[in-house]
Amino acid sequence: MHVLKSAFASLTMGLLSTVSTAKAADFAFETYFLGKTVAEGHFAAINGVSRSFTVDLTGKWDGHVLTLREDFRFDDGTKDRKTWRFVKTGPTSYIGTREDVIGDTKVRIDGDTAHFNYLVYLDPQKQANKVRFYDKMVLNKDGTVLNTALVTKFGFPVAKTTVKFKKPALHHSAHNHEKAFQ
C-alpha cells in the first residue's frame, strides 16, 4: 500500500509540475494586435491619483510596421487617442514610437513575455512631469495579455498601471482585419 501511495504521489506531482510549467504560445505583436482588441486598465499613483479606463485598439500590419491606434475612455469621461508604431527589427524585437513618447522604445520578447520601457511627459502640452514606464506584457494561455507597468520618476517608483487586453470575439475573419482603420 505504501508503494502505491508513493507512486500516486509521484504521478500527481509530475502532473502538477507539467501543468504549472505550461506556457502560452510565443508572443508576436503583429499577430496578437492585428485587427480589433479591447482592454480594461487602472492607473494608481502614490499621490492618490487613481484612474480606471477602457481602450479600443485597432492594429494594422504592413509586413514591417504594426500601427496600433489606442482610443482611451477614462472613468471621468475624458477621452484620448494615442498611436504606437512598432517596427519589427528581428524575430523577437521591435522599436516602438508614439506621439507622447520621448525618443523610442526597444521591445524584447522572450516566449510569451514582452519587456520595454520608455519616457513620457504626463502633461505633454507643457512638457512637464516626465516619467518612465517599465512595461511587462504576458500572453496568457486563455488568449488575454496582461500588461503591468511600473512608473518611475528620478528612478523612484511613483505609480503602477495594469491593463488586460483581449480579443472582442473568439473567431476573427480576414474580413475584419481588412476593415482595420476604415
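None of the figures in this text is laboratory data; all of them are computed from the coordinates on show. Model, not experiment: these values are computed from the prediction. When we count neighbours, we look across all protein chains shown, and the Cβ atoms used for this are built from the backbone with ideal geometry, even at glycine.
Quick look at the values:
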item: Options Thr83, Val107, Leu122, ranked by Cα towards positive dipole end of segment 25-178, top entry (Cβ charges); result: Leu122
item: Projected label distance in nm at Tyr134 and Ala169, using a 7 Å step from Cα toward the beta-carbon; result: 4.1
item: Kirkwood Rh and Cα Rg combined as Rg/Rh, segment 66-173; result: 0.97
item: Convex hull per residue volume in Å³, alpha carbons only, for segment 31-89; result: 95
item: Segment His115-Asp56, length gained on full extension (0.36 nm per residue, minus Cα span); result: 19.1 nm
item: Sites Asp71 and Thr152 - FRET efficiency at Förster radius 41 Å, r taken between beta-carbons, to 0.05; result: 0.95
